[in-house]
Amino acid sequence: LESLLAQSPGNMEVLVKLLELSREERDREQEFNCLERILDVETDPEKRFPLLVNLGDIARELGGREEEAAVAYEKASELNPDSMGVLINLAGLYMNLERWEAAARCFQRAETMEADGGRRAALAMSQGLIYAEHVGDAEVAATHLRRCLDLDPSKWDAFSILEKQVVDKSDWAGQRELYGFMLDKHAGGDAVELQYKLHLNLGKILLEKF
């Protein structure tokens, strides 16, 4: 087969046969190489998309090839911007590569496509954590974390980060507003203990700071 490729490097039939053989032999490195060679020849966007995703999956699996995996997923995302799976995989790779803001942008795109409120809250939380813990932009982090709580008030970690931000700044008005926001969100709910703590803390601030 390789001799046939030497005569005709773009012979798709031979390349596909080599790909099948590499899969039968469970040779992931060879499969990766075959996919690269097929992508050098294939021009149809609909056919390129799954090939690029497959290439990214294998590069991520092989280890030490995160950059190559990211490039493959980036190209796949350009062909199909609505692929949630590609975006999430790409976000994970960017985090491994410490490309934090790029990861946050992927989560944000995924959030705009997600219909389920709980999953949207989780994606907003991911963005907030990135900006709070890695980028160091408290203001942007707060925007995402507040949106997370708006979608799912039970995300206590998001509340804790927001609370720490206002406490660290001695922003008593901000703390009062945050407790009021959470109480509104939990009004009529069954989180009685949480509501009690919020009322207690809110009362303490009103007595001591206002």
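The values are calculated or read from the model by the stated rules, or taken from the named source; none is laboratory data. Just so it is clear, the structure is predicted and the values come from calculations on it, not from any experiment. Don't worry about glycine lacking a Cβ; one is built from the backbone with ideal geometry, like all the others, and counts go over all protein chains shown. When the accessible area is computed, the model is the full protein with side chains, heavy atoms only, and any ligands, DNA or RNA have been set aside. Shrake-Rupley method; radii C 1.70, N 1.55, O 1.52, S 1.80 Å.
A few remarks follow.
- Criterion violated by residue 134 - all others in (1) touching a Leu at 6+ places or on another chain (Cβ under 9 Å); (2) closer than 27 Å to residue 67 by Cα satisfied: (1)
- Any hit, region 127-150, residues being without any contact (Cβ under 8 Å) to a residue 24 or more places away in the chain, outside any helix (DSSP H, G or I) and closer than 30 Å to residue 74 by Cβ: yes
- Restricting 136, 128 to residues that are more than 21 Å from residue 191 (Cα to Cα) and surrounded by 19 or more Cβ atoms within 10 Å (Cβ to Cβ) narrows the list to 128.
- Failed item, numbered, when residue 115 is tested on (1) assigned to a helix (DSSP H, G or I); (2) of a type outside the set (S, T, N, Q); (3) under 30 Å from residue 160 (Cα atoms): (1)
- Qualifying residue in region 145-164 (condition: aliphatic (A, V, I, L, M), surrounded by 17 or more Cβ atoms within 10 Å (Cβ to Cβ), over 26 Å from the mean Cα position of the chain (by Cα) and closer than 23 Å to residue 129 by Cα): no
- Unmet criterion (only one of (1) open to solvent by 40 Å² or more (accessible area, probe 1.4 Å); (2) more than 30 Å from residue 163 (Cα to Cα); (3) out of contact with any Asp or Glu (no Cβ under 6 Å at 6 or more places or on another chain)) for residue 48: (3)
- Pairing residues of region 85-102 that are in contact (Cβ under 8 Å) with a residue 12 or more places away in the chain with residues that are open to solvent by 30 Å² or more (accessible area, probe 1.4 Å), at Cβ distances under 6 Å and at least 6 apart in sequence or on separate chains, gives 87/109; 93/66; 96/66; 97/66; 100/134; 100/135.
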